[in-house]
1. List, please: which pairs have Cβ atoms under 7 Å, are six or more places apart or on different chains, and start with a residue in the range 3-24 that is over 15 Å from Arg35 (Cα atoms) and end with one that is among the basic types (Lys, Arg) and part of a helix (DSSP H, G or I)?
2. Quick test of your reading of the structure: Asp77 fulfils all but one of (1) at pLDDT 90 or above; (2) assigned to a loop (DSSP other than H, G, I, E, B). Name the failing condition by number.
3. Against the definition (assigned to a helix (DSSP H, G or I), more than 14 Å from the chain's Cα centre (by Cα) and among the basic types (Lys, Arg)), how does Arg37 come out, yes or no?
4. Based on what the data block shows, is Leu14 farther than 23 Å from Thr100 by Cβ and at pLDDT 90 or above?
5. Of all residues in the range 25-45, which are touching a residue at least 12 places away in the same chain (Cβ under 8 Å) and surrounded by 13 or more Cβ atoms within 10 Å (Cβ to Cβ)?
6. Give the range 1-33 a look and list any residue that's assigned to a loop (DSSP other than H, G, I, E, B) and either touching a Pro at 6+ places or on another chain (Cβ under 9 Å) or under 16 Å from Arg57 (Cβ atoms) (or both), or say none.
7. Would you check which residues across the range 50-67 are over 15 Å from Ser99 (Cα atoms) and of a type in the set (A, V, I, L, M) and list them?
8. Can you give me the number of residues within the range 1-12 that are among the small types (Gly, Ala, Ser) and farther than 14 Å from Thr48 by Cβ?
Amino acid sequence: MSENAPLHPSIVALVSLAANIASNHPKKGLCQLDRLRGMAIAEHHIATVVEISRHIRDEAGQMLDSQFDEQSQEIPDTGNDISATRSKEGSLPADSCCSTTAGGQSCC
């Protein structure tokens, strides 16, 4: 295969689906899902991409929330304890590179 050969359409659709899910795009990747099914891509392959994408999206949200909680402690107390109402379950260490999805898939 030539180094300048275009990506196979199924790869493009999988990447686009993942990006839509991970970014919380309003279109949700449903168009790509239809394309993938039209290309007869195995449902378990699609499910793996969806699981990893959701995991990355959720992981990013947890990290942003954790950073907000840390930085919000620097804001003078107004009587509303933000950190007391937020669960710390599932938060990641700041130095964590990659974790595994609930289904055991690696996102790296």
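1. From the range 3-24, the pairs are Ile21/Arg54; Ile21/Arg57; Ala22/Arg57; Asn24/Arg57.
2. Just one mismatch for Asp77, condition (1).
3. yes
4. Here the answer is no, as Leu14 does not meet what is asked.
5. Gly29, Gln32, Leu33, Arg35, Leu36, Ile41, listed by residue number.
6. Answer for the range 1-33, where residues must be assigned to a loop (DSSP other than H, G, I, E, B) and either touching a Pro at 6+ places or on another chain (Cβ under 9 Å) or under 16 Å from Arg57 (Cβ atoms) (or both): Ser23, Asn24, His25, Pro26, Lys27, Lys28, Gly29.
7. Across the range 50-67, the qualifying residues are Val50, Leu64.
8. Selection size over the range 1-12: 2.
The values are calculated or read from the model by the stated rules, or taken from the named source; none is laboratory data. Because the structure is a prediction, the values reported are computed rather than measured. As a convention, Cβ positions derive from the backbone with ideal geometry for all residues, glycine included, and neighbour counts pool all protein chains shown.
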